[in-house]
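Enquirer: Structure below; questions to follow.
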């Protein structure tokens, strides 16, 4: 999983939208994330059509204090625009609902049009913006989907 995580998250297009600092994720950081994910309340949702090959990863964090948040979504370039991201986000929303949360939060860089279109299309609503969050000065949009 670690090598797939590094490959997906460090691809040039994904890194632009996942790293606030613009620096690639290194093996010790990813090892630490994967080792401590249970303690940190982080879950990984993986899509794979072939054994040993990961097509997409959604990362979510749940906390009774801060709520349920979609932290990251990455899909292999050759699998984009085929509904995989939509399925992963829907799965995250179902997991939040199953755990009794009333909403799911996500933070998206303002220039990440595909992700914004995806989550807005799935019922997420913009709730606020924070200016100059990424190393190049890009703003972020905070969105929330309320669950019935």
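The values are calculated or read from the model by the stated rules, or taken from the named source; none is laboratory data. Everything numeric here is computed off the predicted structure, so don't read it as measured data. All Cβ positions, glycine included, derive from the backbone under ideal geometry; neighbour counts span all protein chains shown.
Enquirer: Of everything in segment 98-140, what is under 17 Å from residue 17 (Cβ atoms), part of a strand (DSSP E or B) and touching a residue at least 24 places away in the same chain (Cβ under 8 Å)? Give them in sequence order.
Expert: 105, 106, 107, 108, 109, 140
Enquirer: Since residue 91 meets every condition but one in (1) in contact with a strand residue (DSSP E or B) (Cβ under 6 Å, 6 or more places away or on another chain); (2) surrounded by 18 or more Cβ atoms within 10 Å (Cβ to Cβ), which condition does it not meet?
Expert: So residue 91 meets the others, but not (2).
Enquirer: Shifting gears a bit: Residue by residue through segment 63-82, note down the ones that are surrounded by fewer than 15 Cβ atoms within 10 Å (Cβ to Cβ) and either in contact with a helix residue (DSSP H, G or I) (Cβ under 6 Å, 6 or more places away or on another chain) or over 20 Å from residue 4 (Cβ atoms) (or both).
Expert: 63, 64, 65, 66, 81
Enquirer: Separate question: So which residues in segment 94-116 are surrounded by 18 or more Cβ atoms within 10 Å (Cβ to Cβ) and touching a helix residue (DSSP H, G or I) at 6+ places or on another chain (Cβ under 8 Å), if there are any at all?
Expert: 104, 106, 108, 109, 112, 115
Enquirer: Considering every residue within segment 27-48, establish whether at least one is farther than 26 Å from residue 103 by Cβ, outside any strand (DSSP E or B) and modelled with pLDDT of 90 or more. Can you show your working first?
Expert: Pass one, segment 27-48, residues farther than 26 Å from residue 103 by Cβ: 27-32, 34-35, 48.
From what is left, the residues that are outside any strand (DSSP E or B) are 27-32, 34-35, 48.
If we keep only those that are modelled with pLDDT of 90 or more too, we end up with 27-28.
So far as segment 27-48 goes, yes, one or more of its residues are farther than 26 Å from residue 103 by Cβ, outside any strand (DSSP E or B) and modelled with pLDDT of 90 or more.
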